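Novice: I have a structure I would like to understand better, so I am pasting it below and will then ask my questions one at a time.
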């Protein structure tokens, strides 16, 4: 079962792109399950299916809401709720469509060790770009730098993000893929060059306190910056292009990914979610039932 | 001679779209002057010309940097550094190209009694939109509401901008034309609806203290907002379309404009500029020599 940062928003009783979870009702979210009984043609006992009724041990899923999971050699089924699933598509669309990545762009990805950030940076690298990342521990920094091949990575605990980013990208950046918000956002706006673009994907630094990011509007004006928020469910039409392009990279190992798998099933799931918000994951955070 | 909010940025020694004024050298900016002597064909003594060497009583202007001003019946020559000049083009491009105004959009313009805001709102009204404005005095509010025909206008001194905007636009807005920044920006982000757009034109509330605007990133993400900064000098190619469309509206009185003209020449110019930053103008602020 997947735990994702966006789920924090579903715990607020406000109108949003994803309706709030209801008190007394089960939560939901992406999961992969094993069919234990089926009345639908095409699904048999033992099949693995991807569906949206996570946060429970057993569920009745309609045929049209389930997708049979057939993973290529060497790719775990769980990848379909991770690097080849919603987080993967988020990275792809955010970088290519929202930030409109173009030749020569220097790219900065915050939350570079997360499910989305780690893929966004790798796609940019595979397309020939200089990529800078930020992460929240020395281990994450080492993984992103040494294994994922980012050009520069810093630990945001090591000082002011604006200073760390300036050292990592002394000539500035052209694209900012934002997963963090707050101080990261402010530093990126400062570092963005003329006609820079920011894909606003997440703002995990503010999920528990709603604090706004400081925004130097004159920077955005003088540099003709473009900022766009996006929600991946709007971009389902891009799924095939994403699978066609990124699928082979995952299968042949050019795209690397990690999963942080929490054992313990439903009892462990809330703790896994809290740990995710604290940055306890490297790559995709999952709970095994 | 024109005094414009953007000139405040030229008093800071930072790299920007417009180079900083130099200590000991004359300032510059838009002006209209009378030719007192000419060595260039096509310019004769007594001609009025628009040029970029304001902030001085006499200047030597090259022929290719001067534009002869021939105002239509009923339009003062000064309009060419106001409603039909750079501020006018800024309103036109910001609304149509940057905010990508489309049918049914509800538009909010901050600084609605200023040179840019007053025209942005009127263009939107002439194109059939519901338009809300903010301004800084009861007199300005009355002018914008009664003479310019905005649907709702509030004085931002009357309470929290977020509350005043919610009352003026209870169902939200689709386009925000930002001249003010700060609290106005934060309120507009909150009021913007799904796929709303903000044209970031100016942030006069922060010109003297550099304070950032508070930005609720999750609002921008959840509502798929698009924000774009722009500088009018990039859009000279739109000048003809602007003159063709807005020129007749100015000539026949469908677009109304005011000028706040400060007498006293060069000695009065610094005070006029300071007064502009304090909101002492209605419409375009000019200094007469």
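Novice: Going by the conditions given, is residue B:61 farther than 20 Å from residue B:270 by Cβ, modelled with pLDDT of 95 or more and assigned to a loop (DSSP other than H, G, I, E, B)?
Specialist: yes
Yes/no per residue for (1) surrounded by 15 or more Cβ atoms within 10 Å (Cβ to Cβ); (2) modelled with pLDDT under 95:
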| site | (1), (2) |
| --- | --- |
| A:12 | no, yes |
| A:15 | no, yes |
| A:18 | no, yes |
| A:35 | yes, no |
| A:39 | no, no |
| A:46 | no, no |
| A:55 | yes, no |
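Novice: Inside the stretch A:111-193, counting only helices (runs of 4 or more DSSP H) that do not spill past its ends, which hold 2 or more residues that are in contact with a strand residue (DSSP E or B) (Cβ under 7 Å, 6 or more places away or on another chain), crowded, with 17+ Cβ neighbours inside 10 Å and within 14 Å of chain B (Cβ to nearest Cβ)? Lay out the reasoning, then the answer.
Specialist: Numbers: elements: A:115-126, A:138-142, A:161-168, A:182-191.
Those helices (runs of 4 or more DSSP H) span A:182-191.
Novice: While we're on this one: Give me a count of the residues in the stretch A:114-139 that are in contact (Cβ under 8 Å) with a residue 40 or more places away in the chain, more than 17 Å from residue A:199 (Cα to Cα) and in contact with a helix residue (DSSP H, G or I) (Cβ under 9 Å, 6 or more places away or on another chain).
Specialist: 3
Novice: Which fully enclosed strands (runs of 3 or more DSSP E) of the stretch B:197-289 have 2 or more residues being away from chain A (no Cβ under 14 Å)?
Specialist: Output list reads B:259-262, B:284-287.
Novice: Here's another thing I want to ask about it. Within the stretch A:98-109, is even one residue without any contact (Cβ under 8 Å) to a residue 60 or more places away in the chain and within 27 Å of residue A:8 (Cα to Cα)?
Specialist: No: the stretch A:98-109 contains no residue that is without any contact (Cβ under 8 Å) to a residue 60 or more places away in the chain and within 27 Å of residue A:8 (Cα to Cα).
Novice: Still on this structure, I have one more. Within the bounds of the stretch A:241-253, is there any residue that is in contact (Cβ under 8 Å) with a residue 24 or more places away in the chain and touching a strand residue (DSSP E or B) at 6+ places or on another chain (Cβ under 9 Å)?
Specialist: no
The values are calculated or read from the model by the stated rules, or taken from the named source; none is laboratory data. These numbers come from a predicted model, not from an experiment. Counting neighbours? That spans all protein chains shown, and the Cβs are built from the backbone with ideal geometry, glycine included.
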